[in-house]
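Have a look at the structure below, then the notes.
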Amino acid sequence: MIPYPSWLNSGDNTWQLVAATLVGLMSLPGIAVLYGGLVQRKWVVNTMLMAFTAFSLVLVCWVLWEFKMGFGQSWAPSSWWGIFGSFIGKPGPITGSHAEMQQANIPLLSSGMPAFRFPQTTLAYFQFVFAAITPLLFLGSVIGRMSFKVWLLFVPLWSTIVYSVDAFLLWGGGWWAQKGALDYSGGYVIHLSAGVSGFVAAAVIGPRLARDRSHAVPNNLPMIAVGAGILWLGWNGFNGGDMYFGGQNAAAAVLNTNLATAVALLTWLIWDMLAGPQRKPTFLGAINGMITGLVAITPAAGFVTGYGAIFIGLISSTIVWFAWNKLSKVWPFNRVDDALGVIYTHGIAGLSGGLLVGVFASSAMAVYYGKDGKSIAVSASGWLDGNPQQLWKQAGAAATVIVWSAVMTFLILKFLGLFMKLRAPDEVLESGDLAIHDEEAYPTETAVAVGVGAAAEAKPAGATAVTATGSPGERVEAARRSGDPGSTA
């Protein structure tokens, strides 16, 4: 007996599963605690629960129909003209024994790359965690007002209609992949799409309460640090796994990812000190620079040298810093309440990184080798490497992702709005987590006290004790009515 078939390489299979797990950790708990720390304390539970539910919803949809839409056979007849002939894959499940145990394969790419050395389940899970993190990213745009019930319907619809198409076009052998557009690990498919979709969703749903916008202070900086750290190190799997083999290109992608991120973080801090509102370095500014660097290097990670990674970190961080501090004051950016600035650190960062790979891609960076193991069989080149046409391909792919993501997000929300309120009522928005979930992230001692005695001891003589009966929301409200100052949010 042997443990696995002859085509399976345990090293490649292990690396893909580890890389997928690192990306999964970027979502849970990474994004959940990062965004949970950035929002006001009354929205922490709602933010984390929306992250967990989106992750779960996408997984179910992914194995039942979305994976094949993004990485299967083209659904359109070959006679269809242009992009419409290679726009989306044919939906179908991957839950049967044959589908789960067979050798991994992306049908439209199989002739242009080495055969995979791991099963289809590894490929499906690896691609799932990318699909799952995308709606979690643009959650940051609509925090603090989107109806939770609408979120539960919007995520599967968006993932099916928007993400699957973007993935097929660039990664599954669709039209832009055939034209040679480059997106190493999701600068366009994930980040540009998330930034645009979040911005459109925020515009359609409307702004947060005016008081929430004017007092949008993070509730927990250490919690943000934990989430950001998980994102940074998790990105080693994000970019390190996307050539599907545990070889030299994966190692180069990991180093370039960390290098560009470090440069982008430092660049943002320098701009903050030179031209920022307070002329001081800030932790939140550093996090913005970090995320910008991670996003911008993503479409280029294994296609550029270390020098290219440095320039991408420097240029993209500068672009996004000015967009964050200057562009945000002009129309339409000043009219849309993008709560956590996803359009900047993901949308504009993804766009800048995708265009910059058209400038800095180097043919000396081998993606695949010839059979002799020495000659370069597949690589990419950009404008500085004598291929200025690559920049136009990058621009065309970006325009497609922007238009498709924006239009479809708008239509999905307008459709849901025909029979549901997209926005939670103002009285619910006043309370946040307690009104929606009957939970809060930092409950007061009075609200969670067990028994009358504990509550009575916490009150001055003559005050009315607050019992521990009823829901958490009812207990906190009772404490507020009783005049306990410790129960105030």
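Here are some notes:
- Surface composition of the stretch 154-237: carbon plus sulfur atoms contribute 68% of the solvent-accessible area (1.4 Å probe, protein chains only, all chains present).
- R0 of 41 Å, Cβ-Cβ distance Ala395-Ala115: FRET efficiency to nearest 0.05: 0.80
- Under 5 Å from the amide H of Arg145 lies no amide H of any residue 5 or more positions distant or on a separate chain, with H modelled from the backbone and absent for Pro and chain starts.
- Mean ellipticity per residue at 222 nm, deg cm²/dmol - from DSSP H runs of n ≥ 4 across the chain, formula -39500 (n - 2.57): -17000 deg cm²/dmol
- Two-site label geometry, Gln248 and Met273: point separation in nm, points 7 Å out along Cα→Cβ: 3.8
- Whole-number percent relative contact order across the chain, with pairs defined as alpha carbons under 8 Å at least 6 apart: 19
- Helix 148-158 and the longest principal axis of the C-alpha atoms of the chain enclose an angle of approximately 10°.
- In the chain, lysine pairs closer than 24 Å at Cα, eight or more apart or cross-chain: 10
- Net charge, Leu356 excluded, C-beta distance under 15 Å - Lys, Arg +1, Asp, Glu -1: -1
- Euclidean distance of C-alpha centroids, the stretch 270-306 and the stretch 347-375, integer Å: 21
- Given the chain, longest segment not containing exposed loop trypsin sites (Lys or Arg not before Pro) (DSSP; at most 14 other Cβ within 10 Å): 1-278
- R0 of 22 Å, Cβ-Cβ distance Val217-Met420: FRET efficiency to nearest 0.05: 0.10
- Taking Leu64, Leu355 and ordering them by how much accessible surface each has at a 1.4 Å probe, largest first, produces Leu64, Leu355.
- Karplus-based coupling profile of the stretch 286-297, in residue order and whole Hz: 4, 5, 4, x, 4, 5, 4, x, 4, 5, 5, 7, with θ = phi - 60° in 6.51 cos²θ - 1.76 cosθ + 1.60 and x standing for Gly or Pro.
- Average accessible area per residue (Å²) across the chain - probe 1.4 Å, nucleic acids and ligands excluded: 42
- Options (1) 1.10; (2) 1.02; (3) 0.98 - which one matches Rg/Rh (Cα atoms, Kirkwood Rh) as calculated here: (2)
The values are calculated or read from the model by the stated rules, or taken from the named source; none is laboratory data. Note that the structure is a prediction, hence the values are computed from the model and not measured. In this analysis, Cβ positions are derived from the backbone assuming ideal geometry, glycine residues included, and neighbour counts consider all displayed protein chains. When the accessible area is computed, the model is the full protein with side chains, heavy atoms only, and any ligands, DNA or RNA have been set aside. Shrake-Rupley method; radii C 1.70, N 1.55, O 1.52, S 1.80 Å.
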